[in-house]
1. Which number comes out as Rg/Rh for segment 358-514 once both Rg and the Kirkwood Rh are worked out on C-alpha atoms?
2. Could you calculate the contour length gain from residue 445 to residue 350, that is, 0.36 nm times the residue separation minus the distance between their Cα atoms, to one decimal place in nm?
3. Relative contact order (percent) for the chain, with alpha-carbon contacts under 8 angstrom and 6 or more residues of separation?
4. Per 0.36 nm of contour for each residue apart, how much would the distance between residue 371 and residue 196 grow if the chain were fully extended, relative to their Cα-Cα spacing?
5. If each residue's Cβ is checked for other Cβ atoms within 10 Å, how do 489, 461 rank with the fewest at the top?
6. Any idea how far the Cα center of segment 156-188 sits from the one of segment 447-492, in Å?
7. Quote to one decimal, in nm, the extra length available between residue 111 and residue 490 on full extension: 0.36 nm per residue of separation minus the C-alpha distance between them.
8. By counting other Cβ atoms within 10 Å of each Cβ, how are 213, 228, 392 ranked from fewest to most?
Ligand code: DHE
């Protein structure tokens, strides 16, 4: 019998007594309702790890409230209908108890997890005749696969299985031949686009955020929540180059919010989630000359005993995500708590400006373009129906474009006059706005699958077509003519999420997230 109404307003102890705490079996509740997303061992999957190490760092509502009502701007639903109030309280308490055993996950464990495909045979040339630079991947989260598309004909060249719950953009090597894909439970998969074969995979962390590749294609950095490390893998064979414990200047361990590559600086830049610091991890031959604005790669290398030295920069606020300017000299960062944003000058290592960015900007999907002789950057907000457009010379907001609801992803292309942004959350999740990059006005709102989530856009190499996901289990990728905005094709797919075009990604197109 449900006792929810009766228990409202009572303390947890009283509620438990009334509902009979003995009756609640949090482990069973967990197995039934939570394990699919958070992992059987509570070590994370699509959702974060549910263990004291991460829960005590949880900002915003308390654990029981999140179980009861869900968490805004994430995939976490509420369980008030499925669980009694006493079960919710017991489950919240149980999640705060330490795991019997948190496995160590250092270089030895990562190395032991590595599985290379014995049948892999590299091909001297692609086994297909498509334009290698127009290959486009579509991640299908419905059944954990990736479809490899010919970007001209939209023929599916291969459909391969990925680790469970891929998150973030796959990263291509500079030749566009291999791609690296990361899952939230820390697996990194290497796949050869020429031979259409998996090369191998390794578990670089237990709960991971995203990956970045060095511009020379040699190293892959894996940002982890659990353990609190940055794992550096060799892209050649996925062997461990280094596991860097993420411990602040003040000796506080921290999760990594996100890592991105900064090609001209020959570094990976990462934001920390629990400490107000940005880190720069250098992989090039000249790391001590960090901070110089000019390209020093032609200068003779100097010997450094540490191949991946770390520079730690204190910032005024914790950053959940960030965005670079085109020269990689400035970082635009924001905290998801929604206290606005900040601009950090990477050369001098200081904040130089504040940004008017309320409502959880999703900076990772920001894009830039030229407008009125200046570079502007646009980002959707996870908590508000608005797209902010910011002048990157003055850091002032040029316009806040009102949309039909909070968006997650946006994209454009150098050859397109439009930017596309979804309405991921709320009653208008089936809408996709197309916005003119000059007038900053919405020119069309697409509604291709009423009632279904329509999200994430990627362009073909030449910008002539835009690919949009119907983010449902029996979903599709819709191909639009990017000029006429008319639908051209509909490719059936299982809950397609992100799409990634080789050319747009390896050239760091200004219309795409990095
Ligand atoms: Fe993502 C990219 C963080 C929730 C799907 N997401 C990213 C990146 C970051 C990030 C830092 C950039 C990584 C990269 O590409 O290298 N995402 C976060 C969060 O902090 C947040 C809000 C909560 C969380 O717990 O992680 C979050 N993300 C989601 C989702 O709920 C989405 C919609 C479904 C899912 O699969 O989890 C989701 N995120 C994506 C996708 C990308 C992404 C598809 C790549 C976009 C791209 O075009 O590059």
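All of the numbers you see were taken from the coordinates with simple rules; none came from a lab. Quantities reported herein were computed from a predicted structural model and do not represent experimental measurements. Don't worry about glycine lacking a Cβ; one is built from the backbone with ideal geometry, like all the others, and counts go over all protein chains shown.
1. Using Cα coordinates only, the ratio equals 0.94.
2. Going from the current span to full extension adds 30.2 nm.
3. 9 percent
4. Result: 59.0 nm gained on full extension.
5. If I rank by nearby Cβ atoms, fewest first, I get 489, 461.
6. Computed from Cα coordinates, the inter-centre distance equals 21 Å.
7. Gain on stretching residue 111 to residue 490: 132.3 nm.
8. Going from least to most buried by this count: 392, 228, 213.
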